[in-house]
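**Q** Have a look at the structure that comes next, please.
The values are calculated or read from the model by the stated rules, or taken from the named source; none is laboratory data. No experiment lies behind these values; they were computed from the predicted model shown. Cβ placement follows ideal geometry from the backbone for every residue including glycine, while neighbour counts extend to all protein chains displayed.
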Amino acid sequence: MSAEATVRKYYEALRRGEPLHPFFLDRPDVVKFGIGERLAGYDEIRAGLREQTRTTDGWVVESRRLRVGERGDHAWFSDDVRMAWTDAAADRERDFETRWSGTLERRGDGWAFAGMHVSVARSTDGARGGDGD
């Protein structure tokens with residue numbers, strides 16, 4: 001599977017509410033920045049993504065400008081993504097225009113994230129900031 005296919009498969013897993021932590025390298029130096037948090041190390045990423053899956057529903061993930069590069073055992077990506085979901089804990093709808101970037105490393109015959117960064121470009125109502133990733 002290509003690095004691009006891995007990114008797209010991650011988006012699809014997010015939409016379906018499937019486990020997301022297996023997409024990350026199982027190492028203490030892996031990091032994931034979401035809109036509202038910083039998760040460092042595989043254990044923290046696993047716990048954070050499990051909690052996100054437990055407390056959210058109805059994900060919309062619309063990739064708009066995915067760019068992926070690969071060289072040897074490393075890859076990188078960037079994308080503009082509309083994300084929307086229901087925060088079940090707060091009974092609140094969330095909707096953001098976001099920017100994604102990250103790095104991947106080859107793992108066996110596929111790829112895994114070594115780092116991911118998601119930031120808010122703007123919410124659909126023009127506000128900045130919020131929760132989710």
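**Q** Is one or more of the residues making up the stretch 114-122 modelled with pLDDT of 95 or more and either at positive phi or not in a strand (DSSP E or B) (or both)?
**A** Among the residues of the stretch 114-122, not one is modelled with pLDDT of 95 or more and either at positive phi or not in a strand (DSSP E or B) (or both), which makes the answer no.
**Q** For the stretch 7-15, does any single residue satisfy the condition of being exposed (fewer than 15 other Cβ atoms within 10 Å of the Cβ), more than 17 Å from Gly115 (Cα to Cα) and touching a helix residue (DSSP H, G or I) at 6+ places or on another chain (Cβ under 8 Å)?
**A** No: the stretch 7-15 contains no residue that is exposed (fewer than 15 other Cβ atoms within 10 Å of the Cβ), more than 17 Å from Gly115 (Cα to Cα) and touching a helix residue (DSSP H, G or I) at 6+ places or on another chain (Cβ under 8 Å).
**Q** Just to check your reading of the model, which residue among Arg106, Arg82, Arg71 is of a type outside the set (Asp, Glu), without any contact (Cβ under 8 Å) to a residue 60 or more places away in the chain and within 18 Å of Leu14 (Cβ to Cβ)?
**A** Arg82
**Q** Give the stretch 98-109 a look and list any residue that's surrounded by fewer than 18 Cβ atoms within 10 Å (Cβ to Cβ) and either modelled with pLDDT under 95 or among the aliphatic types (A, V, I, L, M) (or both), or say none.
**A** Arg107, Gly108, Asp109
**Q** If you go through the stretch 49-66, how many residues are part of a helix (DSSP H, G or I) and within 14 Å of Glu12 (Cα to Cα)?
**A** Looking only at that region, the number is 1.
**Q** Would you call Arg46 in contact (Cβ under 8 Å) with a residue 24 or more places away in the chain, more than 25 Å from Ala121 (Cβ to Cβ) and either of a type outside the set (Ser, Thr, Tyr) or assigned to a strand (DSSP E or B) (or both)?
**A** yes
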